[in-house]
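Below is one structure, written out as structure tokens; the observations come after it.
The values are calculated or read from the model by the stated rules, or taken from the named source; none is laboratory data. It should be emphasised that the depicted structure is a prediction, and the values quoted were computed from it without experimental measurement. Here the Cβ positions follow ideal geometry from the backbone for every residue, glycine too, while neighbour counts run over all protein chains shown. These area figures cover heavy atoms from the full protein model, side chains too; ligands, DNA and RNA do not enter into them. Shrake-Rupley method; radii C 1.70, N 1.55, O 1.52, S 1.80 Å.
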Amino acid sequence: MSTVFNFTFVPWFRSVAPYIHKFRNQTFVVAVCGEAIAAGKLPHLAQDLAMIQSMGVKVVLVHGFRPQVNEQLRAKGHEAKYSHGMRITDEVALDCAQEAAGQLRYEIEAAFSQGLPNTPMAGSTIRVISGNFITARPVGIVDGVDFQHSGLVRKVDVAGISRTLDFGAMVLISPFGFSPTGEAFNLTMEEVATSVSIALQADKLIFVTEIPGIRLKPDEPVSEDNPIDTELPLAAAEALLIKVPAGQRPSDTAFYLQHCVKACKAGVERSHIIPFAVDGALLLEIYVHDGIGTMVVDEKLEELREATADDVGGILQLIEPFEQDGTLVKRSRTEIERDADHYTIVEHDGVIFACAALYPYPEAKTAEMAALTVSPQSQGQGDGEKILKRIEQRARAAGLQSIFVLTTRTMHWFIKRGFVQVDPDWLPDARKRKYNWDRKSQVLVKKLG
Ligand SMILES: CC(C)(COP(=O)(O)OP(=O)(O)OC[C@H]1O[C@@H](n2cnc3c(N)ncnc32)[C@H](O)[C@@H]1OP(=O)(O)O)[C@@H](O)C(=O)NCCC(=O)NCCS
């Protein structure tokens, strides 16, 4: 084995370890659109889900079946009918949906039963259990349109799903529900997955979709300057939903986003939209720091906010010990008072636990992140990361292309989070003039994707 392999594999594997520890015993609801299965992605998705489950995650898999039902309808010479972004399920469509769901369940169970030597599924024993976990009610007649056998989720059998998960099985749910009179209703995969995640108070809801995620500027065309927004705070996602048209088709910005927001508001802290087109998208989203799609995250707003003049005392108290030991450059009270609105803070019960300031250099399309500090008693809990993300968002919103830091001791923390070292000569002229050559701080830059 080459030593180069050792040097790449071992650090890579170790970098994944914290996520493995963190997610053990957590519950993920993974919603896979029917298009992913139609595109032949099931074998790899099953391999990745099997691996995620074997690392201690409780997985509920919800599958969609839009293209499969439409194909059955076409074969029967029928046309798919939609209204309000939802299928109108007449008798023929209900038949087609039942056939499609049966076929898909069979294919999914078969995919999880693979175990050939030299494949990622070798040695895996995944039990897939599906059942009548969803009680449904009819959509009824909306604006004069009779939705017939299309339904909405009325109740989720939380105890039944939880028992099945505790028993070590993966729960598979089709977008079907039954009324107490035994009538079957065709549901949407998105609604089922969202309702199940809320009812279980899952740790994650993940939509594996035909879209790559939500772009930074959702109404502008795809381009290098308009990448995927990897982390959308709940408040920003809600604001975006108000701006964009209602989600009727999967390609509409609001289509999956509305469900992510609903889940987040109801206590599912993180919901994700990821593309099935990228092989291993689930692994990349779950086990890599920045992920690949969009994550809507419910960060408590009262905790993370921009500072005001009233916070200056708290900021000084927080950074003082680090100024004294030389980790941070000394700043006077007057300077912090003057720049209070440059600071972002994490506050809890009136105490400031973390802060950082953003100083833009618009002429160079960059900004300095300064005075990043997390109080010693709450270090290692992700507050540093939370502040960094917010600072990145502030810089992006200001139209800047990068942020930079000057550091003498914390280089590795920044490198792990996508910063690269550059020569001090890189600094914008105005900052270079203030650079303290004796302190020999390292300059690290992060490009804002
Ligand atoms: C650097 C700092 C802001 C990180 O904040 P935090 O909330 O603890 O960070 P997170 O919880 O997001 O990340 C914690 C991880 O960073 C690592 N870390 C902390 N300080 C580090 C350092 N100086 N160098 C490298 N890694 C560091 C922790 O070991 C932990 O690693 P793990 O996830 O592998 O266990 C915080 O440690 C701090 O305030 N340090 C003192 C002030 C400082 O150095 N500021 C930077 C000035 S340029």
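Some notes on this structure:
- Qualifying residues in the stretch 287-296 (those that are modelled with pLDDT under 90 and under 23 Å from GLU238 (Cβ atoms)) - the one surrounded by the most Cβ atoms within 10 Å (Cβ to Cβ): GLY291
- Single residue of the stretch 405-440 satisfying the filter (in contact with a strand residue (DSSP E or B) (Cβ under 7 Å, 6 or more places away or on another chain) and farther than 29 Å from VAL288 by Cβ) that is farthest from the ligand (Cβ to nearest atom): ALA430
- Hits in the stretch 106-128 (condition: touching a strand residue (DSSP E or B) at 6+ places or on another chain (Cβ under 6 Å) and either free of Cβ contacts under 8 Å to residues at least 12 places away in the same chain or not hydrophobic (A, V, I, L, M, F, W, C) (or both)): GLU109
- For the stretch 298-310, a residue qualifies if it is open to solvent by 70 Å² or more (accessible area, probe 1.4 Å), more than 30 Å from GLN201 (Cα to Cα) and among the aliphatic types (A, V, I, L, M), and exactly one does: ALA309.
- Among (1) in contact with a helix residue (DSSP H, G or I) (Cβ under 9 Å, 6 or more places away or on another chain); (2) modelled with pLDDT of 95 or more; (3) open to solvent by 20 Å² or more (accessible area, probe 1.4 Å) - the single one VAL62 does not satisfy: (3)
- Against the numbered list (1) modelled with pLDDT under 95; (2) loosely packed, with under 15 Cβ neighbours inside 10 Å, VAL420 comes up short only at (1).
- Test: residue in the stretch 271-278 that is surrounded by 17 or more Cβ atoms within 10 Å (Cβ to Cβ) and in a loop (DSSP other than H, G, I, E, B): yes
- Residues satisfying the stated conditions in the stretch 111-122, i.e. open to solvent by less than 80 Å² (accessible area, probe 1.4 Å) and in a loop (DSSP other than H, G, I, E, B): GLN114, GLY115, THR119, MET121, ALA122
- So GLU385, is it surrounded by fewer than 18 Cβ atoms within 10 Å (Cβ to Cβ) and more than 14 Å from the ligand (Cβ to nearest atom): no
- Filter result for ALA395 (more than 13 Å from the ligand (Cβ to nearest atom), over 23 Å from VAL296 (Cα atoms) and buried (at least 19 other Cβ atoms within 10 Å of the Cβ)): no
- Here the stretch 311-343 is the region considered, the condition is being farther than 27 Å from PRO428 by Cα and open to solvent by 30 Å² or more (accessible area, probe 1.4 Å), and the residue that is farthest from the ligand (Cβ to nearest atom) is GLY313.
- The stretch 344-382, subset hydroxyl-bearing (Ser, Thr, Tyr) and closer than 29 Å to TYR19 by Cα, residue nearest to the ligand (Cβ to nearest atom): THR373
- Residue within the stretch 220-229 that is of a type in the set (S, T, N, Q) and over 27 Å from ARG105 (Cα atoms) present: yes
- Where GLU107 falls short, out of the listed (1) of a type outside the set (Lys, Arg); (2) surrounded by 20 or more Cβ atoms within 10 Å (Cβ to Cβ); (3) in a helix (DSSP H, G or I): (2)
- Evaluating PRO138 against the criteria (1) closer than 22 Å to ILE198 by Cβ; (2) open to solvent by less than 30 Å² (accessible area, probe 1.4 Å) leaves one unmet condition, (2).
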